[in-house]
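I have placed the structure first, in the form of structure tokens, so that the comments after it can refer back to it.
The values are calculated or read from the model by the stated rules, or taken from the named source; none is laboratory data. Just so we're clear, the structure is a prediction, and the values are computed from it rather than from any experiment. As a convention, Cβ positions derive from the backbone with ideal geometry for all residues, glycine included, and neighbour counts pool all protein chains shown. For accessibility, only protein heavy atoms count, side chains too; no ligands or nucleic acids. Shrake-Rupley method; radii C 1.70, N 1.55, O 1.52, S 1.80 Å.
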Amino acid sequence: MKLRYGGDYNPEQWPEKVWDDDYRLFDLAGIDTLTVGVFTWALTQPAADTYDFSVLDRIVERAAAEGRAICLATGTGAHPAWLARAHPEVTRVDFEGRRHRFGQRHNSCPSSPVFRRLSAEVARRIAERYAGHPAIVAWHVGNEYGGACYCEHCAAGFRDWLRDRYGTLERLNEAWYTTFWSHTFTAWAEIEPPSALTEHWRGPDHTAFQGITLDYLRFMSDAMLANFRGEKAAIRSYDPGTPVTTNFMGAYRPIDYHRWAADLDLVSWDCYPPDDDHPEWMAFTHDLMRGIKGGQPFWLMEQTPSMTACRDVNPLKRPGVMRLWSWQAVAHGADAVLFFQMRAGRGASEKYHGAVIGHAGRDDTRVFREVAALGAELSLAGDAVLGGRTPARVAILFDWDSWWALELSDGPSRLVRYQEVVRDYHHAVWAAGAGVDVVPVTADLSRYDVVLAPVLHMIKGDLADRLEQVARRGGTVLTTFLSGRVDEDDNAFLADVPGPLGDLMGVRVDEWDARPADVVNPVDFGDLQAAGRLVFEIVIPRGAEPVATYRNDFYAGTPAVTRNAFGAGEGWYVATALDRAGVGRVVGAVLDRHGLRGPYAGVPGLEAVVRGRVTFLLNHGAEPVSVTAHADAQDLLNGVRINRGEALRLEPRDVMILQ
Ligand code: GLA
Ligand code: ZN
């Protein structure tokens, strides 16, 4: 079995005689999977009453004849110009209330009845035509769902969504706390989408009513999910089983991917890290994407082989980086390594975006050579890796509601960014070489020894009980400042902070101080001074013992980190935004309690990841790395036997796959 290898292929953009060359090069590079049709709506439906599949037929037939697997898209990531002209309602109204006209992509109103009908209809016709085709291994619906719309259709959809959620206006008024500022709603029709024209000031994060804005985010995520469902249902009426996916964007704030999980057969995502210096950025995001469907393998749907085009400055991936990051994705659970894009287009905004095949169509470029070398290598590990699971004992909770609620909140500090804090904790686990799942708050926690819940602002359902159970049976639960603050409606708990987590943590937070980013309060661990920043909660232990204390200010000497014995386990509370040294210390102590540090922890640049029965060693650093083999193994990439205790050397950017 082979890990899938290929990517987005848009041959409708160039003459058919070039296709011969494309396949010659695909053969050389070991490309076996092509995602086709992602932006083809105007091609397959050139007018309201005309569908024309002649070009898509040739693309599909050619790919199949060449023995490639096809991930077939419905093409609805951008609507056709004629559609926008005939039905102006399909374009979005933005946050400022401006009705957009035809342009760009990802620009369709998710609530527009016309868009819903016609996108599902084009998906239906594509499924009708191609379902059952033996080359098709997956369906790709839309593209990178995201953004928001504030039009009248969305307003109406929002009101319906609210009726479903709350049933009565009384319940809605209570949830939104509308007695404040005389907002009591007496008819559903009075409710407006929260925008620059209504509740907001200074942009989308500054709202007078967090509850309204939070519900609009939930609604918008669900509205786009309804688009996905509409197309998926159309596909399912012709194809009962082939997996249906859409490409996610990692930790993308506007869409709550956990709410989508049940509707997806396969998670796939597009990996465009901020620069070439952040292997932990990808490690985190892969772990988050893998966690969406309970650890099921995912597809790396897009990555650039070389550079992006949409940034002001678009650096190249250095030699070896594409290979290293591809294997990193596999190590974290990817069963497919796909690129955007297979051949560079000639025009428009992505003409300089990296591609496997450049404008000159050469097979002797550095990028092509690296792609071809990886193609050969991927076939060596497929059997050992495909379908393999990550056996993590550590979970990090990730929750879009908490993310939204925290960043919409007025007070205590706009400087606390949800992702940054969560990433700091993930980084600490990653650096200690322990496997970690990033999971929704509804996940089954009984499999984990350690559950980290940084900035878990909102506590929903029975989560507090389930966290207590983790500790009761001997596990460790950690949470931080700004956790346990609000209920599902974003209303404060009428209790001491951290609300329902108080017993488990054995503390109460008496008050909290927020300071500018440059104010540091040293946090004293005895043998380590870490830095605390942004928010300083003043903690009164109620059973917990201090682990570290603040050094400065009127709360000098009070606890900044505490540990509480609870059942057979512990609850740890971190009351400020610690720097990475501090987070590393706390997380290290928690991992040590369970013996969870990895065998190669602390080796600079080296990431070790276990998937199934395979250990991946990835040297992200610019220096060679030497370690001692932790077990007898075989290196799958070169067949060499390795004995436990033997010296292993990895060149910069090199990879070893040990089985
Ligand atoms: C996204 C899109 C692709 C392409 C790439 C470019 O991921 O899905 O269509 O625009 O970005 O990086
Ligand atoms: Zn709309």
Q. Given (1) at negative phi; (2) open to solvent by 20 Å² or more (accessible area, probe 1.4 Å); (3) assigned to a loop (DSSP other than H, G, I, E, B), where does Gly103 come up short, assuming only one miss?
A. (1)
Q: For residues that are under 19 Å from Gly584 (Cβ atoms) and out of contact with any helix residue (DSSP H, G or I) (no Cβ under 6 Å at 6 or more places or on another chain), tally how many sit in segment 526-545.
A: 7
**Q.** Test: Ser402 is under 30 Å from Pro254 (Cβ atoms), touching a residue at least 40 places away in the same chain (Cβ under 8 Å) and not charged (D, E, K, R)
**A.** yes
Q | Yes/no for Tyr550 being more than 25 Å from Gln469 (Cβ to Cβ) and open to solvent by less than 10 Å² (accessible area, probe 1.4 Å) | A | yes
Q) Across segment 101-111, what is the number of residues that are within 28 Å of the chain's Cα centre (by Cα), more than 9 Å from ligand 2 (Cβ to nearest atom) and more than 13 Å from Tyr145 (Cβ to Cβ)? A) 2
**Q.** Only one of Ser221, Ser268 that is in contact (Cβ under 8 Å) with a residue 12 or more places away in the chain and within 16 Å of ligand 1 (Cβ to nearest atom)
**A.** Ser268
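Results for (1) over 17 Å from the mean Cα position of the chain (by Cα); (2) within 16 Å of ligand 2 (Cβ to nearest atom); (3) modelled with pLDDT of 95 or more; (4) open to solvent by less than 30 Å² (accessible area, probe 1.4 Å), shown as yes or no for each residue.
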position	(1), (2), (3), (4)
Ala223	yes, yes, yes, yes
Asn227	yes, yes, yes, yes
Pro240	yes, no, yes, no
Thr246	no, no, yes, yes
Q. Restricting attention to segment 613-659, and to residues there that are touching a residue at least 40 places away in the same chain (Cβ under 8 Å) and basic (Lys, Arg), which single residue is farthest from Gly435 (Cα to Cα)?
A. Arg653
Q. Which condition number does Tyr448 fail, the rest of (1) within 18 Å of the chain's Cα centre (by Cα); (2) part of a loop (DSSP other than H, G, I, E, B); (3) crowded, with 21+ Cβ neighbours inside 10 Å; (4) not charged (D, E, K, R) being met?
A. (1)
(Q) Looking only at residues that are within 20 Å of Arg229 (Cβ to Cβ) and open to solvent by 20 Å² or more (accessible area, probe 1.4 Å) in segment 137-156, which one is farthest from ligand 2 (Cβ to nearest atom)? (A) Glu144
Q: Scan Gln303, Gln341 and give me the residue that is within 16 Å of ligand 1 (Cβ to nearest atom), touching a Cys at 6+ places or on another chain (Cβ under 6 Å) and open to solvent by less than 10 Å² (accessible area, probe 1.4 Å).
A: Gln303
(Q) Looking only at residues that are of a type outside the set (Ser, Thr, Tyr) and part of a loop (DSSP other than H, G, I, E, B) in segment 106-121, which one is nearest to ligand 1 (Cβ to nearest atom)? (A) His106
Q) Restricting segment 157-189 to residues that are in contact with a Gly (Cβ under 8 Å, 6 or more places away or on another chain) and more than 27 Å from Arg92 (Cα to Cα), which is least open to solvent (accessible area, probe 1.4 Å)? A) Ala175
Q) In this structure, is Asp277 part of a loop (DSSP other than H, G, I, E, B) and touching a residue at least 12 places away in the same chain (Cβ under 8 Å)? A) no
Q) Could you list, in sequence order, the residues of segment 157-184 that are away from ligand 2 (no atom under 14 Å from the Cβ), touching a residue at least 40 places away in the same chain (Cβ under 8 Å) and closer than 21 Å to Phe228 by Cα? A) Leu162, Arg165
Q.
Would you confirm, using the coordinates I've provided, whether Arg290 is open to solvent by 10 Å² or more (accessible area, probe 1.4 Å), under 14 Å from the mean Cα position of the chain (by Cα) and assigned by TED's automatic domain parsing to the domain that holds Gly230?
A. no
Q: From Val574, Val583, Val609, Val561, grab the single residue that is crowded, with 21+ Cβ neighbours inside 10 Å, touching a helix residue (DSSP H, G or I) at 6+ places or on another chain (Cβ under 7 Å) and more than 26 Å from Leu482 (Cα to Cα).
A: Val609
Q. Hey, among the residues in segment 50-97 that are basic (Lys, Arg) and touching a helix residue (DSSP H, G or I) at 6+ places or on another chain (Cβ under 8 Å), which one's nearest to Gly30 (Cα to Cα)?
A. Arg68
Q: Under 6 Å between Cβ atoms, at least 6 apart or on separate chains: pull out the pairs that start in segment 79-97 with a residue that is open to solvent by 40 Å² or more (accessible area, probe 1.4 Å) and end on any residue that is within 13 Å of ligand 2 (Cβ to nearest atom) and of a type in the set (Ser, Thr, Tyr).
A: Glu89/Ser112
Q.
Only one of Ile136, Ile212 is out of contact with any Ser or Thr (no Cβ under 7 Å at 6 or more places or on another chain) and of a type in the set (A, V, I, L, M, F, W, C). Can you tell me which?
A. Ile212
Q: Within segment 1-24, work out how many residues are open to solvent by less than 40 Å² (accessible area, probe 1.4 Å) and touching a residue at least 60 places away in the same chain (Cβ under 8 Å).
A: 11
Q: Determine whether segment 377-384 contains at least one residue that is at negative phi, without any contact (Cβ under 8 Å) to a residue 60 or more places away in the chain and open to solvent by 40 Å² or more (accessible area, probe 1.4 Å).
A: no
**Q.** Condition check for Ala123: in contact with a Pro (Cβ under 6 Å, 6 or more places away or on another chain), more than 16 Å from ligand 2 (Cβ to nearest atom) and in the same structural domain as Asp239 (by TED's automatic domain parsing)
**A.** no
**Q.** Any chance Leu415 is open to solvent by 20 Å² or more (accessible area, probe 1.4 Å) and more than 16 Å from the chain's Cα centre (by Cα)
**A.** yes
Q. Out of segment 57-89, which residues are part of a helix (DSSP H, G or I) and under 18 Å from Glu231 (Cα atoms)?
A. Leu83
(Q) With the requirement that a residue be among the charged types (D, E, K, R) and closer than 21 Å to Asp518 by Cα, what does segment 545-583 give you? (A) Arg551, Asp553, Asp579, Arg580
